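Heads up, the thing below is written out as structure tokens.
The values are calculated or read from the model by the stated rules, or taken from the named source; none is laboratory data. Because the structure is predicted, anything quoted here is derived from the model rather than measured. Don't worry about glycine lacking a Cβ; one is built from the backbone with ideal geometry, like all the others, and counts go over all protein chains shown. Ligands, DNA and RNA are excluded from the accessible area calculation, which covers all protein heavy atoms including side chains. Shrake-Rupley method; radii C 1.70, N 1.55, O 1.52, S 1.80 Å.
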Amino acid sequence: MSKLNRKKFWTVVGREFFVRVRKKSFLVTTILVPILMVAVMAFVLWMTMNSVAKERIAILDETGQYASLFEDTPDYSFFTSHKSLEDFKSEGKENSEEATIILRITDDLLHNPKAITLYGYNEIPIGVTSLIEDTLSDYLTKKKLEETGIPNLQETVEACTVSLSIDNYKWDKQGNTKRSSGIVAGIIGIVLAFLSFNYVA
């Protein structure tokens, strides 16, 4: 490319750039859309981690060991229920105890960490799952440390740490059970928001 042609090329590029920069659509696409996308993502994640209404969590503790560990928070209310899981499933959202989430524990979690499950009539907020896992993990870790009888507890903390991962299930209107994931719901919301903004742009 000759010197003259290069000069013409950059002149055209410069003109096209400034013409496009002046367009409102360019400003919206390059500045406002990314800002709005970040705001929507933050909002979706916040909604996923925090329920709009206070969650009422019924505890079905067949061992009698764990129900007393849970304390109410501004967002979550825990109570012990003597109903069966089938009772809550058949009654649905309009159950007599107004429970929105059911925490079921069927065995000693220290020996059977999978004996715990959460059920909900809607997507279960991440905050609920995290609170329950943290509460029980701390309790089980301390219990395991006490059972060791080892003087140097600090050295055994890492080896004795117990972590729980609770399986979440959601009931539909027909009473069918399927896995529930607040994280997946949040990701889907973000993807849909991203696609809608791209479509508008």
Review point. In segment 131-161, what residues are modelled with pLDDT of 90 or more and β-branched (Val, Ile, Thr)?
Key: Ile132, Thr135
Study note, to complete from the structure: Thr48: passes all of (1) at pLDDT 95 or above; (2) closer than 17 Å to Glu123 by Cα but (1)
**Study point:** Unique residue being among the charged types (D, E, K, R) and in a loop (DSSP other than H, G, I, E, B) when the list is Glu91, Glu86, Glu123, Glu158
**Key:** Glu123
**Study point:** Residues of segment 89-112 satisfying the condition of being without any contact (Cβ under 8 Å) to a residue 24 or more places away in the chain and open to solvent by less than 30 Å² (accessible area, probe 1.4 Å)
**Key:** Asn95
Check your understanding: Pick from segment 113-130 the residues that are modelled with pLDDT of 95 or more and not β-branched (Val, Ile, Thr): which of them is most open to solvent (accessible area, probe 1.4 Å)?
Key -> Tyr119
Revision key, fill the gap. Contact list, first residue from segment 50-61 and within 17 Å of Ala115 (Cα to Cα), second anywhere and modelled with pLDDT of 95 or more and basic (Lys, Arg), beta-carbon distance below 7 Å, six or more apart or interchain, is Leu60/Arg104
Study note, to complete from the structure: Over segment 62-83, the set of residues open to solvent by 30 Å² or more (accessible area, probe 1.4 Å), part of a loop (DSSP other than H, G, I, E, B) and touching a residue at least 40 places away in the same chain (Cβ under 8 Å) is Glu62, Thr63, Gln65, Thr73, Asp75
Practice item. Name the residue, out of Leu103, Leu164, Leu110, that is in contact with a helix residue (DSSP H, G or I) (Cβ under 9 Å, 6 or more places away or on another chain), at pLDDT 90 or above and assigned to a loop (DSSP other than H, G, I, E, B). Key: Leu110
